[in-house]
Amino acid sequence: MKTNKLLYIVLPAILLGACALENPKKTEIDMKNDTGDSLGKVILQEKSDGVEVDLDLEGLPPGEHGIHFHEKGSCKRPDFVSAGNHFNPEDKKHGLLHPEGAHAGDLPNIIVGEDGAVKVKLMAPLVTMTRGKTSLITKEGTSLVITDNKDDGMTQPAGNSGTRIACAEIGKEKEKK
């Protein structure tokens, strides 16, 4: 009888632990510019209200810039077009201000200081890092891209945010054995 009770406690803990290894809820990614230089680290962490995006970057042009999750985990330089379109699993319109939006990958603009640095935390409420349609952890991976201009929050398909100037690949889903 005691063995059965122990199984009810230990087995779920083991299963939850295995899920945590297979689907990380926190990851650190390296943001790179168009020449392949590292601009710093981004920490993505699952929270109860979405994914927190903790940026600690330098070497960017001063000013306001768009930042978005993209549908492919590829950051081929120099233009990062390999990252594909904005991450949009729900097939919404682009823009945090659009009444029919937003893409799951739409994030608030970032403001880079005159010294080229930005240290800020953003919240991405429409994505997750666990399995499912809105997960950033996919077989092909996803990416985080910074653009030259700010995102206007409305214009289709990318908010008139200009060229892609930095990119970080987000980890791919681990294969089941």
Filter segment 130-152 for residues that are of a type in the set (Val, Ile, Thr) and either without any contact (Cβ under 8 Å) to a residue 12 or more places away in the chain or within 16 Å of residue 82 (Cβ to Cβ) (or both); the one that is surrounded by the most Cβ atoms within 10 Å (Cβ to Cβ) is 146
Test for residue 51: is it over 16 Å from residue 32 (Cβ atoms), modelled with pLDDT of 95 or more, in contact with a strand residue (DSSP E or B) (Cβ under 7 Å, 6 or more places away or on another chain) and surrounded by 15 or more Cβ atoms within 10 Å (Cβ to Cβ): yes
Out of everything in segment 97-109 that is of a type in the set (A, V, I, L, M) and under 16 Å from residue 70 (Cβ atoms), what residue ends up being modelled with the lowest pLDDT? 102
With respect to residue 118, is the statement that it is over 22 Å from residue 72 (Cβ atoms), surrounded by 16 or more Cβ atoms within 10 Å (Cβ to Cβ) and at pLDDT 90 or above true? yes
Identify, please: which residue in segment 122-141 is assigned to a loop (DSSP other than H, G, I, E, B) and aliphatic (A, V, I, L, M) and is, among those, nearest to the chain's Cα centre (by Cα)? 136
Just to be sure I understand the filter: pairs with C-beta atoms under 8 Å, separated by 6 or more residues or on different chains, first member in segment 19-44 and surrounded by fewer than 18 Cβ atoms within 10 Å (Cβ to Cβ) and at pLDDT below 90, second member part of a loop (DSSP other than H, G, I, E, B) and of a type in the set (Val, Ile, Thr). Which pairs pass? 23/130; 23/137; 24/137; 25/130
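Table: residues versus (1) in a strand (DSSP E or B); (2) touching a residue at least 60 places away in the same chain (Cβ under 8 Å).
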{"position": "69", "(1), (2)": "yes, yes"}
{"position": "75", "(1), (2)": "no, yes"}
{"position": "90", "(1), (2)": "no, no"}
{"position": "98", "(1), (2)": "no, no"}
{"position": "104", "(1), (2)": "no, no"}
{"position": "108", "(1), (2)": "no, no"}
{"position": "120", "(1), (2)": "yes, yes"}
Matching option when the condition is touching a residue at least 12 places away in the same chain (Cβ under 8 Å) and either in contact with a Lys or Arg (Cβ under 6 Å, 6 or more places away or on another chain) or over 23 Å from residue 61 (Cα atoms) (or both), among 112, 127: 127
Of residues in segment 44-67 being outside any strand (DSSP E or B) and of a type in the set (Asp, Glu), the one nearest to residue 144 (Cα to Cα): 58
Among the residues of segment 54-83, which ones are crowded, with 22+ Cβ neighbours inside 10 Å, within 21 Å of residue 137 (Cα to Cα) and of a type in the set (A, V, I, L, M)? 55, 67, 83
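The values are calculated or read from the model by the stated rules, or taken from the named source; none is laboratory data. Fair warning: this is a prediction, and the values are worked out from it, not measured in the lab. Methodologically, a virtual Cβ is constructed for each residue, glycine included, from the backbone with ideal geometry; neighbour enumeration extends over all protein chains shown.
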